[in-house]
1. State the cysteines of the chain left without a partner when partners are defined as other cysteines whose beta carbon lies under 4.7 Å away.
2. Specify the residue with the greatest mean-square fluctuation among Ser68, Ser158, Ser306, computed from a Gaussian network of the chain linking alpha-carbon atoms under 10 Å apart.
3. Among Ala223, Ala252, Ala140, which one shows the highest mean-square fluctuation when the chain is modelled as a Gaussian network with alpha-carbon springs under 10 Å?
4. Looking at Ser204, Ser32, Leu284, which one has the Cα that reaches farthest to the positive end of the dipole of the chain (charges on Cβ: Lys, Arg +1; Asp, Glu -1)?
5. Along Cα→Cβ, 7 Å out, is where each label goes; now give me the distance between the ones at Lys247 and Asp153 in nm to one decimal.
6. Which trypsin sites (Lys or Arg not before Pro) from the range 167-271 combine a DSSP loop assignment with at most 10 other Cβ atoms within 10 Å?
7. Roughly how many debye, to the nearest 20, is the charge dipole of the range 3-57 about its Cα centre, given +1 on each Lys and Arg Cβ, -1 on each Asp and Glu Cβ, and no other charges?
8. What share of the DSSP beta bridges in the range 61-340 is antiparallel, in percent to the nearest 5?
Amino acid sequence: MKRFLQDFTKKELEEISRPKFRAKQIFSWLYSKYITSYREMRNIPKDLIGELERKYSIEPLKIIKVESSIDGTKKYLFELSDGNSVEAVLLLMKAEEYHEDGVLKHHARYTVCISSQVGCKIGCSFCLTGKSGFMRDLSAGEIVEQVRLIKKDNNIASNRRLNIVYMGMGEPLDNLEEVAKSSKIFSDPDGMAISPNRQTISTSGLSSKIRKLGEKNLGVNLAISLHAVDDSLREELMPINRAYNIKSIIDAVKEFPVNTRKKVMFEYLVIKDINDDLKSAKKLVSLLNGIRAKVNLIYFNPYHGSIYQRPDKKDMLNFQKYLISRGVLCTIRESKGLDISAACGQLRDK
Ligand code: SAH
Ligand code: SF4
């Protein structure tokens, strides 16, 4: 399989497209002007274009389907060059921010939820993505291209701020090298310039890889899919817990370099009658003791054939209330795009 031009960091591109400033120009064509063919790179010499074109494809993905939700969420189905497919989701979130003059401003903030693998090896019992097994890792370029094509398709200006969450299909830390590379390409000031502050990597808790990610010092935010406070329940929900138990995850998180203004996010999938009780909430508080953490409660999203149920709203609110009363920051994630199966855990390859 041919490699893709989008697989290259700017530094790597400088090596293959002399003189150095060509890499900057190519980045601008790709990530500010969203070009889709080599012909459009008008200031690049013909012989260099010819050479790059022979070696590297510029079309890692094709959009084959777009579904729009009534809440504004859009789900994209992409075909990869080997015929596999992955999904990504564009979300429009309301955000509140204090402006310099002290006025509270409401505005819409784009978030793109991207995939890092075709399928997933982890096989969590509640997740649809894990059900269809694992096909392969995505390359950095295939990860980057999801955001590039979504920005192009929605005419999102290149300088418009947007967030990236690695929460689509796959376990990002099981594909750490390509994921880390994609993060560097996203944050390059000559490319999409998406600050690592605005990127969040979500993991099912591969403790050794959390350490490796920390050592890379990318500056990205970390989210842990915890979902249970006892190892026995967590093993039932997430078989990976046999290899990396709760304590090993907490220990790895304690060593993770967190931006002083940020916190590690713990995702807690609330499932009716499984983990929605206050005893669990209490245990969660003690587990997070000593960590700069925030908790994001997620409603379990049922799908056809799922064995679990969505929790009651009142249990969700009680759970949240308890955490807040103990001084733990806690939000409830709104499910977006439920009508088009674009919500958490509902992505799959077709
Ligand atoms: N593999 C990584 C990232 C992708 S999953 C991880 O597990 O963290 C993104 C989030 O969706 C995870 O927190 C996952 O637990 C959650 N999720 C999976 N299935 C879900 C479902 N049916 N309903 C709600 N959330 C789900
Ligand atoms: Fe994989 Fe995450 Fe789904 Fe678990 S929840 S099967 S780790 S994608």
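1. If one checks each Cβ against the other cysteines of the chain, Cys113, Cys120, Cys330, Cys344 turn up with nothing under 4.7 Å.
2. Ranking Ser68, Ser158, Ser306 by mean-square fluctuation puts Ser306 first.
3. Checking each option, the largest mean-square fluctuation is seen for Ala252.
4. Of the candidates, Ser32 comes out farthest on the positive side.
5. Going from the Lys247 label point to the Asp153 one covers 4.6 nm.
6. Hits after loop and neighbour filter: Arg261.
7. Working: 13 positive and 8 negative charges, 31 e Å.
Roughly 140 debye for the range 3-57.
8. Working: 26 of 52 bridges.
Around 50 percent of the beta bridges assigned by DSSP in the range 61-340 are antiparallel ones.
Every read-out reported here was derived from the displayed coordinates using simple, explicitly stated rules and does not represent laboratory data. It should be emphasised that the depicted structure is a prediction, and the values quoted were computed from it without experimental measurement. So basically every Cβ, Gly included, is an ideal-geometry build from the backbone, and we count neighbours across all protein chains shown.
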